[in-house]
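Step one of this worksheet: look at the structure below.
The values are calculated or read from the model by the stated rules, or taken from the named source; none is laboratory data. These figures come from a predicted structure and were not determined experimentally. We place every Cβ from the backbone using ideal geometry, glycine too, and count neighbours over all the protein chains shown. Note: areas computed on protein heavy atoms with side chains; ligands, DNA, RNA excluded. Shrake-Rupley method; radii C 1.70, N 1.55, O 1.52, S 1.80 Å.
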Amino acid sequence: MPHPSVDSTLEDLKDRATNSPFLALGQTVFWDEPVKAAWRRMLDIYWPSAQLIAGIHDTDYFAKTTAHVPDDREFIALPHDDGATRGLWSAAGEISALLGSEDLPTRSFYESLGIPFNRLAGRDYSDRRRFFEEHTNAYGWRGIVQTAGTPQIAHDVQLHYFGPALLQLLDWCFDESLSNLDEETAAKGRNTAETVRSWAASFLESCRGDSTLSDLYQHLLPKFYELLLQFEPSNFSVTSTVSLLRFNQTTAHLPRFSFVGLFLEPSTRDVAKSAYSKAVAGGGMYALDHFGPNALPFDVVVPGVGRGTLHVEGSHVTVDFQPVPITVEATEPITTVGALAEVLAGRFGDLVVLVGKAVSLISMLSAEYILIFHETASGYTTRTTKMNEALRAKGVVLKLNPIVRLQYRSWDSLAGITESRLRLPKH
């Protein structure tokens with residue numbers, strides 16, 4: 001049975017945001033994102049007509065790593081440790097096996113316990129690397145990275161190159177997960193694993209040559225919802241941020257882009273930039289000054305070209321594409337969202353995308369949608385709240401929907417499993 005908080009929360013939302021659809025965004029379908037199907041189930045009980053949109057956040061970078069990867073394949077799955085892959089970051093290509101997570105015991109953690117970790121690791125490079133791999137490895141987690149070339153946004157990752165690494169990642173994850181179950185339960189789990197793998201493999205075999213990672217994930221997401229719910233969800237649709245935040249003359253009027261106007265209109269521009277910079281200060285995030293003169297907290301994404309910070313100075317609009325920024329000059333100063341859309345679409349076409357940097361993106365989307373987050377998802381929201389409070393203190397009116405956070409009692413639910421046994425990992 002649902003928790004009583006679901007009923008009260010939805011009754012409140014019906015009063016405050018009756019016509020706003022719910023939006024669930026995630027970077028990959030092979031993580032915890034599909035579990036938000038539980039929210040669709042709650043809506044079916046308390047608010048059946050409510051719309052739920054599940055989206056792939058495909059405008060962010062696919063992965064980053066400073067590790068040297070001596071491999072001829074363009075994409076490869078790597079484990080994460082506090083050694084060679086210390087700086088590894090993979091969001092759209094990560095996966096976790098049963099009982100695994102991207103939590104690694106760092107060398108500083110060992111040292112804090114009085115263990116002379118660095119001395120035990122030795123001086124020889126090869127020995128040290130093996131020592132780090134063995135003792136600081138994040139059990140049950142791997143992430144796919146691109147081995148060479150310019151970093152890509154998730155939308156631009158071609159399945160032709162990415163597919164083989166993904167299937168290998170799934171095979172590893174399923175094998176690792178099933179090894180933690182007793183034989184009878186593992187046999188049942190194998191059937192589900194083979195079903196999920198076949199979904200991915202079939203799409204890879206039949207897709208167009210220009211199909212992307214985003215296409216695959218949008219194909220799989222409704223299948224996961226149906227698998228978890230055991231029926232095809234109603235009032236449910238799938239999108240991606242490349243589609244959701246497409247920015248041109250026909251979309252510029254939508255509420256999701258109204259927040260952008262605060263950074264363009266002369267009466268609010270300085271207040272908005274100051275509120276953003278103060279909100280990100282001290283959070284390990286870049287203030288606008290880091291990106292250069294006249295930077296705004298938004299990125300322009302052009303599929304197939306890249307992603308770059310937006311700069312607006314008078315009639316000049318610059319996008320920091322790498323390695324060469326592109327500047328466009330308008331006939332008059334850019335002071336409205338419509339004028340910005342006309343300039344960008346005129347230079348880059350109707351498929352241009354305007355996405356807020358992490359803190360700004362939440363305010364953009366909350367103007368039109370009720371965001372669905374897991375309990376501890378997105379550490380940026382406290383910064384977004386700080387920015388919005390600073391804007392309101394200066395008299396700026398913001399009409400934003402609340403955020404819904406879902407809390408799961410996953411470990412408690414194990415009490416209801418009486419016919420299965422877990423085989424805990426060695427550690």
(message) Using the Cα centre of the chain as the reference point, and only Cβ charges (+1 on K/R, -1 on D/E), how large is the resulting charge dipole? Debye, rounded to the nearest 20.
(response) 860
(message) With +1 assigned to the C-beta of every Lys and Arg and -1 to the C-beta of every Asp and Glu, and no other charges, what is the dipole magnitude of region 199-312 about the Cα centre in debye, to the nearest 20?
(response) 280
(request) Report, in deg cm²/dmol and to the nearest 500, the calculated mean residue ellipticity at 222 nm for the chain, where each DSSP H run with n ≥ 4 adds -39500 (n - 2.57) and the sum is divided by the residue count. (result) -11500 deg cm²/dmol
(request) Just add up the charged neighbours of Val301: K/R +1, D/E -1, any other residue whose Cβ is under 14 Å from the Cβ of Val301. (result) -2
(request) Could you check how much of the accessible area of region 147-227 is carbon and sulfur, as a whole percent, using a 1.4 Å probe? (result) 50
(message) Along each principal axis of its Cα atoms, how long is region 228-380 end to end? Whole angstroms, biggest number first, please.
(response) 55, 37, 33
(request) Give me the aspartates and glutamates in straight-line cross-link reach of Lys188: C-alpha distance below 19 Å, same-chain residues under 8 apart excluded. (result) Asp171, Asp175, Glu176, Glu226, Glu419
(request) Set Lys and Arg Cβ to +1 and Asp and Glu Cβ to -1, take the dipole of region 372-427 about its Cα centre, and tell me which of Thr381, Ser413, Asn401 lies farthest positive. (result) Thr381
(request) Jot down the per residue volume, in cubic angstrom and as a whole number, of the convex hull over the alpha-carbon atoms of region 328-383. (result) 119
(request) For the chain, compute Rh as the Kirkwood radius over C-alpha pairs and then the Stokes-Einstein diffusion coefficient at 10 °C and 1.306 mPa s; write the answer in µm²/s, rounded to an integer. (result) 67
(request) Using R₀ = 45 Å, calculate the FRET efficiency as 1/(1 + (r/R₀)^6) where r is the Cβ-Cβ separation of Ala281 and Ser410; round to 0.05. (result) 0.80
(request) May I ask which of Lys36/Lys386; Lys64/Lys223; Lys223/Lys426; Lys273/Lys357; Lys357/Lys399 have a Cα-Cα span longer than 24 Å here? (result) Lys36/Lys386; Lys64/Lys223; Lys223/Lys426
(request) Give the percent of DSSP beta bridges with both residues in the chain that are antiparallel, rounded to the nearest 5. (result) 65
(request) Would you mind computing, in nm to one decimal, how far apart the modelled labels at Thr336 and Glu194 are, each placed 7 Å from Cα along Cα→Cβ? (result) 6.2
(message) Please give the charge dipole size of region 1-148, origin at the Cα centre, charges +1 on K and R Cβ atoms and -1 on D and E Cβ atoms. Round to the nearest 20 debye.
(response) 240
(message) If I stretch the segment between Arg86 and Trp31 completely, what's the gain in nm (0.36 nm per residue apart, minus their alpha carbon distance), one decimal?
(response) 17.7 nm
(message) Testing the spin-label approximation: label points 7 Å from Cα along Cα→Cβ at Leu167 and Asn118. State their distance in nm.
(response) 4.5
(message) At 4 °C and a viscosity of 1.567 mPa s, what translational diffusion coefficient does Stokes-Einstein give for region 347-427, taking Rh as the Kirkwood radius over Cα pairs? Give it in µm²/s as a whole number.
(response) 79
(message) Rounded to two decimals, what is the ratio between the C-alpha radius of gyration of region 1-69 and 2.2 N^0.38 Å?
(response) 1.49
(request) Over the Cα atoms of region 69-157, compute the convex hull volume and normalise it per residue, giving Å³. (result) 108
(message) Could you tell me which residue out of Leu254, Ser274, Gln158 lies farthest along the dipole of the chain toward its positive end? Charges go on the beta carbon: Lys and Arg +1, Asp and Glu -1, centred on the Cα centre.
(response) Ser274
(request) Round to a whole angstrom and tell me the spacing of the C-alpha centers of region 31-59 and region 135-171. (result) 26
(request) For an R0 of 35 angstrom, estimate the FRET efficiency from the Cβ-Cβ distance between Glu389 and Leu228 and round to the nearest 0.05. (result) 0.40
(message) On a full-extension model of 0.36 nm per residue, what is the gain between Arg423 and Ser49, subtracting their alpha-carbon distance, rounded to one decimal in nm?
(response) 130.3 nm
(request) Give the calculated FRET efficiency between Leu398 and Ser315 to the nearest 0.05, with a Förster radius of 35 Å applied to their Cβ-Cβ distance. (result) 0.80
(request) Please sort 198-209, 358-369, 273-284 by packing, taking for each peptide the average over its residues of neighbouring beta carbons within 10 angstrom, highest first. (result) 358-369, 273-284, 198-209
(request) Note down the net charge around Gly122, summing +1 for each Lys or Arg and -1 for each Asp or Glu among other residues with Cβ under 11 Å from its Cβ. (result) +3
(request) Step through the residues of region 71-76 one at a time and calculate ³J(HN,Hα) from phi using the Karplus curve (6.51 cos²θ - 1.76 cosθ + 1.60, θ = phi - 60°), rounding each to whole Hz and writing x for Gly and Pro. (result) 9, 7, 6, 6, 10, 8
(request) Could you check the simple spin-label distance between Ser108 and Ser237, using points 7 Å along Cα→Cβ, in nm with one decimal? (result) 4.6
(request) Take each of the peptides 150-163, 248-261, average the number of other beta-carbon atoms within 10 Å over its residues, and list them starting from the highest. (result) 150-163, 248-261
